[in-house]
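The following block contains the structure, expressed as structure tokens.
The values are calculated or read from the model by the stated rules, or taken from the named source; none is laboratory data. Worth saying up front: this structure is predicted, and the values here are computed from it rather than measured. Virtual Cβ from ideal backbone geometry, glycine too; neighbours counted across all protein chains shown.
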């Protein structure tokens, strides 16, 4: 959600800023802009309502020169996507500012500024911050001091990058609730929302802490903490390579990431078990002591990660006998809680910067949980830093907005966590079973990817449909939820998921020849029940698309289309059955001509409420 890039260098920074924006496109956005201070000390700003490619087109061949600049991709919160609302925002042609997050008290501040004679050019909350900082600069030329004076007045979440004509060789940045990283170069320094934007120019990064302000010059970076004290933050070397965020030979990032899942799952598993036992060091120092205290799990997550939590609930109670509740983070923080003694909070987020998940974690600190365990893909994220224990999924960069490998690696991590709890609950055989199942995962995913041609042909049946219904039972109901989410995210087909047994309690009213019904059919104890549910659909003229284990003996016939899924052991079946649903959504979206990697209205990392 929103992308920031900034640079302070001896060379012309416009090409660096534009490349940084291109690498941040996966975050989701609806407008883009760039502002530079040219050699004459004047601002050059260009903004568009559209894509980075549109911004490049608007700049034309005469891209402005400048050694200091900021650039931004905006995901609309206040004000529609438009040229006027696009970042960077300026104040009196003296200052340019880009912003991620939301200023919650902007209306009161805006009224105050209007009363003082300021004329706003946009509908955004961001311009309020720009105007306040400029009002301070009118009294003093100290950009850092002006930012420091304004920040206490702002309520909400933000990451700012500010440049000013008063001090054209300086870039001031700060963060509260939204991530920001400083890229360290030689005779040049950079800032961005995440490291992927800066990989072509540096692999040395400083990750700003909550409340930090950084005063960035070409050859110096000074960081102040929330108390105003100068602090040293460690410089970390990123292991990511610039090519890690390229498509390679694939048409879309999502397609590439679907096919990266066997390798990503292998990386998640590497070094985390031995002789059939989970190594508790995988969760961090002191893990054993904290896990010993846990008698119950509370999982909190959003979107796809929430679906991973739903599957983990089945695993936890079936294999470990450990009670488990799952809740959407945006609801969790706004209700009263009765926390049972010995409850461990398990938070899940691909980016580690999901605003609702972080807020839930912080709220929960005073609720009586024994501790917090995080599952995340980004080692430098706020979630990892704030949790007591953490398990990194090691999925690598995921650029497609619709999550694929992040989801399956989260499930792999959850499988290992449940295995560790199974041992603590005196179920050593369950631990051995789950670790053995996990070892089979990469190969099993490779085999199910071989169904792609069959799934792609099936996708042709969905191109002209406007609605779809997904069914599953047990843990595979959560798989159906994830499949329906993927289809609606990238193909824009309205899709819903239900437990198959709930058909007769309402959803059956939707079934006719125009409503495709997708079912997940593993060979398990519920297969006979599911067969009955599928017959309910056929009896009403519904067209069925069934992803069935090849051992179920389900066969295609009129109105009953079966994709044979290589059978797997029960524990990993939810992961295996997820893969063909990802492929279905992908191929339907391709046939419908949608923007697969950057679906409309969505963002990869949701850093605001």
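Within region 114-123, can one find any residue that is under 23 Å from residue 226 (Cβ atoms), surrounded by fewer than 24 Cβ atoms within 10 Å (Cβ to Cβ) and in contact with a strand residue (DSSP E or B) (Cβ under 9 Å, 6 or more places away or on another chain)?
Looking through region 114-123, none of the residues is under 23 Å from residue 226 (Cβ atoms), surrounded by fewer than 24 Cβ atoms within 10 Å (Cβ to Cβ) and in contact with a strand residue (DSSP E or B) (Cβ under 9 Å, 6 or more places away or on another chain).
Can residue 99 be described as in a loop (DSSP other than H, G, I, E, B), in the same structural domain as residue 126 (by TED's automatic domain parsing) and in contact with a strand residue (DSSP E or B) (Cβ under 8 Å, 6 or more places away or on another chain)?
So residue 99 does not fit the description; no.
Assuming residue 228 fulfils every condition listed in (1) loosely packed, with under 14 Cβ neighbours inside 10 Å; (2) at pLDDT below 90 apart from one, which condition is it?
That leaves (2) as the condition not met.
Oh, and also: Looking at 207, 160, which one is touching a residue at least 40 places away in the same chain (Cβ under 8 Å), touching a helix residue (DSSP H, G or I) at 6+ places or on another chain (Cβ under 7 Å), assigned by TED's automatic domain parsing to the domain that holds residue 217 and under 26 Å from residue 16 (Cα atoms)?
Answer to the check: 160.
Could you tell me how many of the residues in region 535-565 are in contact (Cβ under 8 Å) with a residue 12 or more places away in the chain and either farther than 22 Å from residue 311 by Cβ or surrounded by fewer than 17 Cβ atoms within 10 Å (Cβ to Cβ) (or both)?
Number satisfying all stated conditions: 16.
A further question on this structure: Which helices (runs of 4 or more DSSP H) does region 246-345 wholly contain that include 2 or more residues that are under 16 Å from residue 388 (Cβ atoms)?
The helices (runs of 4 or more DSSP H) meeting that bar are 287-293.
Out of 32, 53, report the one residue that is surrounded by fewer than 16 Cβ atoms within 10 Å (Cβ to Cβ), in the same structural domain as residue 188 (by TED's automatic domain parsing) and either in a helix (DSSP H, G or I) or in contact with a strand residue (DSSP E or B) (Cβ under 7 Å, 6 or more places away or on another chain) (or both).
53
Any residue in region 324-343 that's assigned by TED's automatic domain parsing to the domain that holds residue 311 and at positive phi: show its pairings with residues that are surrounded by 14 or more Cβ atoms within 10 Å (Cβ to Cβ) and in a strand (DSSP E or B) at Cβ separation under 7 Å, as long as the two are six or more apart or on different chains.
Correct list of pairs: 342/296.
Consider residue 162 against the criteria (1) assigned to a strand (DSSP E or B); (2) surrounded by fewer than 21 Cβ atoms within 10 Å (Cβ to Cβ): it satisfies all of them except one. Which criterion is unmet?
In the conditions (1) assigned to a strand (DSSP E or B); (2) surrounded by fewer than 21 Cβ atoms within 10 Å (Cβ to Cβ), residue 162 misses (2) alone.
Any residue in region 494-519 that is within 24 Å of residue 582 (Cβ to Cβ) sitting within a Cβ distance under 7 Å of a residue that is in a loop (DSSP other than H, G, I, E, B) and at pLDDT 85 or above? List the pairs, counting only those 6 or more apart or interchain.
These pairs meet every condition: 494/466; 499/473; 500/473; 516/465.
Kindly indicate which of 373, 279 is touching a helix residue (DSSP H, G or I) at 6+ places or on another chain (Cβ under 8 Å) and either at pLDDT below 95 or assigned by TED's automatic domain parsing to the domain that holds residue 387 (or both).
After ruling out the rest, the residue left standing is 373.
Going by the conditions given, is residue 127 in the same structural domain as residue 31 (by TED's automatic domain parsing), crowded, with 23+ Cβ neighbours inside 10 Å and without any contact (Cβ under 8 Å) to a residue 40 or more places away in the chain?
So residue 127 fits the description; yes.
Continuing with this model, one more query. Just the residues that are under 27 Å from the mean Cα position of the chain (by Cα), under 18 Å from residue 415 (Cα atoms) and either free of Cβ contacts under 8 Å to residues at least 12 places away in the same chain or loosely packed, with under 13 Cβ neighbours inside 10 Å (or both), please, taken from region 276-294.
281
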